[in-house]
Amino acid sequence: METERWPDLPVILLIGAFLVAAGAVALTYGTTRWIGHAVTAFTGLALMIAAVLSGAVQKGRIRRIHIRNAYRFHRMASIGFSLFVIGAYLLGILTTLKFGGQLVKYPHGVVGLILVLMAVVQLVPSLLVKKRAGIQTLHRFIGYALVPAFILELIIGLFRARIL
């Protein structure tokens with residue numbers, strides 16, 4: 001029986017992502033008010049890609065890639081992504097309030113709130129529901145809907161920061 005080379009890779013990635021988030025929080029309160037929020041969001045993008053790809057591999061939608069313990073990897077990446085969406089939004093709230101802005105005045109804040117709600121709908125069953133057969137369709141629908149919504153949020157944020 002062959003042993004896995006990186007049995008704790010999902011945990012390592014998640015810890016690394018949280019370290020990036022901690023650095024992002026520190027950067028947010030420096031001279032540039034949005035940089036930590038952006039770093040956190042792009043880390044979330046990497047976690048989203050990992051969650052979507054591992055979920056597709058797990059269900060056999062992508063057959064050319066093999067991930068050992070695909071379910072475990074998908075679960076860790078999905079939980080990490082959901083927590084990052086929530087964390088990035090909270091960081092955005094803190095940054096906005098610190099500088100006297102209104103959160104839902106702009107589309108970036110509104111789409112961010114929608115993403116948080118979608119992330120919570122994904123996260124809560126992942127942590128609480130033991131038999132997931134009844135929620136698979138909703139989970140898949142929201143999971144795939146998160147992708148374009150998150151990309152839209154990134155684009156709106158880049159326009160808002162005048163990068164695009």
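Here, each number is a calculation from the coordinates, and none is a lab measurement. Worth saying up front: this structure is predicted, and the values here are computed from it rather than measured. Neighbour counts run over all protein chains shown; Cβ positions are idealised from the backbone, glycine included.
A DSSP coil position with no more than 16 other Cβ atoms inside 10 Å describes none of the chymotrypsin sites (Phe, Trp or Tyr not before Pro) in the range 128-163. For the range 48-146, the set of trypsin sites (Lys or Arg not before Pro) satisfying both a DSSP loop assignment and a count of at most 11 other C-beta atoms within 10 Å is given as 61, 63, 64, 130, 131, 132.
Beyond 26 Å, the tail of the calculated P(r) for the range 52-164 holds 28 percent of the Cα pairs.
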